[in-house]
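Structure first, commentary second.
Each reported figure results from applying straightforward, stated rules to the coordinates on display, with no laboratory input. Computed from a predicted model, the values in this text were never measured in an experiment. Glycine also receives a Cβ, built like all others from the backbone with ideal geometry; neighbour counts cover every protein chain displayed.
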Amino acid sequence: MPYVTEDNLTDVVMERWKDIPDPRLRRIMQSLIRHLHGFVRDIEPTQAEWAAAIDWLTRTGKLCSEKRQEFVLASDVLGVSMLVDTINHRRPSAATPNTVEGPFHVPNAPAMADGGNMAQGAPGIPCFVTGKVHGLDGEPIAGAVLDLWQTDGEGLYEDQRDVKGPWMRGLYRTQADGSYVIRTVAPIAYTIPMDGTVGELMERTDISHMRPAHIHFAISAPGYHGLVTHLFQRGDEYIENDVVYAVKEPLIVDFVKRPPGKAPSGEMMATPFYEVKYDFVLAKRVEALAAAE
Ligand SMILES: [Fe+2]
């Protein structure tokens, strides 16, 4: 084995880390070492800078708990979460695009009737989301499950509210013709948590730490590739610079303001409300697999 020099060190390490029986792990570690060494050679950190980096990672780990995942947040703001999501959800271009799930999904949302209100008691402007779930050939998908979660009209998720029981989430099912009607309140833009190590880093940049107003959807139907996505409000001031890079053009929708009167659910509204229309397009599992190749 050659003694190490600045020039040969990367090669020496790469040679050592060839001894991994699992070919996938070997490929991952070889690429990691090559890129990490390249990064270090590029920036040539001082000892103090390297110690600061280790300290930042250490403090990031210590912030993580069952309720909080600061490493995921770091992955989000660096665009890595969306990159991994995009790589893993290559679909036919006509299908509704996927986005990251994010940290606020809570399993087992309450089942709602078609047109039911998942924002009972929540502050915000009433908002009706209607449309259909269909396949790539236009076939309606009956019985598709739409699992929704979002902020209330003050920008807070269930996890951030001191409430018992479900808050701003619900499970809807499409009708025989693939249609659905959801009653909620309009979400608003919100900031990512800024009181941790990611916030500390963001404060040293001019990068926005806001997410534009959005509603999260997880949609599933037998035989179809599951879809996790958002709908974003067109015109939101943060639509161009979502801090987690989740905005995709087909997911931007109009929140049309309607005067008091008959709502899409059939009920009479005494106050103005928003109406959002959106059709979700799911790929069959076989179609999604073909697009991924
Ligand atoms: Fe969100």
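At-a-glance table
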| item | result |
| --- | --- |
| Rel. contact order, % - alpha carbon contacts under 8 angstrom, at least six apart, the chain | 21 percent |
| Sorted by Cβ density within 10 Å, fewest first, the residues His214, His134 | His134, His214 |
| Dipole in debye (nearest 20) - the chain, about Cα centre, beta carbon charges: Lys, Arg +1; Asp, Glu -1 | 860 debye |
| C-alpha center-to-center spacing [the stretch 64-101, the stretch 140-205] in angstrom | 16 Å |
| Proxy reagent accessibility, fewest Cβ within 10 Å first, across Trp17, Trp149 | Trp17, Trp149 |
| Top positive-direction residue, dipole computed over the chain with Cβ charges, set Ala270, Ala122, Gln47 | Ala270 |
| Listed residues Gln160, Gln69, Gln120, most fluctuating in the chain (Gaussian network, C-alpha, under 10 Å) | Gln160 |
| Pairs of Cα atoms farther than 34 Å apart, the chain, % | 33 percent |
| Amide H contacts of Cys64 (H built 1.01 Å from N, under 5 Å, at least 5 apart or other chain) | Glu70 |
| Number of Lys pairs (Cα under 23 Å; 8 or more positions apart or on different chains) in the chain | 11 |
| Cα gyration tensor category, rounded, prolate or oblate, for the stretch 28-141 with a/c compared to 1.5 | oblate |
